[in-house]
Each structure stands twice: as structure tokens, then as C-alpha cells.
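Working notes for the structure below.
The values are calculated or read from the model by the stated rules, or taken from the named source; none is laboratory data. If you're wondering where the values come from, they're calculated on a predicted model, not measured in any experiment. Neighbour counts are summed over all protein chains in view; Cβ atoms, including those assigned to glycine, are modelled from backbone coordinates with ideal geometry. SASA here: full protein model, heavy atoms, side chains in, ligands and nucleic acids out. Shrake-Rupley method; radii C 1.70, N 1.55, O 1.52, S 1.80 Å.
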Amino acid sequence: MQVKQPTKKYESLPDTITPYDYAEWRGVGENTARNIFNMKGFPRIQGTGVKQLADKRAVFLFELGLSNEDKQEIFKEIAKQII
């Protein structure tokens with residue numbers, strides 16, 4: 001697998017990302033990004049039909065490998081900041 005240089009920083013990503021955004025952020029090919037989006041447990045947004053979308057914060061937490069309990073606590077804190 002050829003490793004590319006990331007062309008986007010996390011902060012510059014939109015709140016909802018596609019595999020293309022993910023590929024630019026992580027420095028992987030678009031096919032690899034699509035495979036990651038299709039992995040079991042990946043936090044894709046459901047109900048979007050064939051579109052592959054994910055919340056960038058959920059993807060970041062997924063990549064950190066946090067437990068479900070830790071993720072829930074972090075999501076509660078994020079929700080407090082949004083409200």
C-alpha cells in the first residue's frame with residue numbers, strides 16, 4: 001500500500017465527512033478510505049442511502065480506540081458545548 005501525505009488537517013474538515021475527506025486527512029487512497037468506512041464498528045451516519053457519511057468527531061474517537069463508555073462521556077461533553 002502506497003502511503004500518501006495528508007493534504008488536510010482535522011480542523012479544516014467539514015463536520016460531516018466522506019471517504020474522500022477521510023482519504024485527504026489520513027493520507028490514504030480513496031478505495032482504502034471506502035473500505036474503512038465499510039468496516040464493522042465504523043461510525044457511519046445511518047439512513048443516508050448509498051452516500052457514505054460520518055461525523056468527524058466520531059471518526060476521531062473511533063480511531064483513538066476508546067471504550068464505548070469513554071466515547072459516551074466524551075459525546076455528552078460535546079453535546080453540552082453544542083447546546
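Give segment 43-76 a look and list any residue that's open to solvent by 90 Å² or more (accessible area, probe 1.4 Å) and assigned to a helix (DSSP H, G or I), or say none.
Leu64, Asn68, Glu69, Gln72, Glu73, Lys76
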TODO: Six or more apart or on different chains, Cβ under 7 Å: which pairs go from a residue in segment 20-48 that's among the small types (Gly, Ala, Ser) to one that's open to solvent by 60 Å² or more (accessible area, probe 1.4 Å) and assigned to a loop (DSSP other than H, G, I, E, B)? Could you list them?
DONE: Gly27/Val3; Gly27/Lys4; Gly27/Gln5; Gly27/Pro6
- [ ] Scan segment 54-79 residue by residue and report those that are under 12 Å from Gly41 (Cβ atoms) and polar (S, T, N, Q).
- [x] Asn68
TODO: Within segment 50-67, track down each residue that is among the small types (Gly, Ala, Ser) and under 18 Å from Ala23 (Cβ atoms).
DONE: Ala54, Ala58
TODO: Among the residues of segment 14-42, write down those that are buried (at least 17 other Cβ atoms within 10 Å of the Cβ) and assigned to a loop (DSSP other than H, G, I, E, B).
DONE: Thr18, Val28
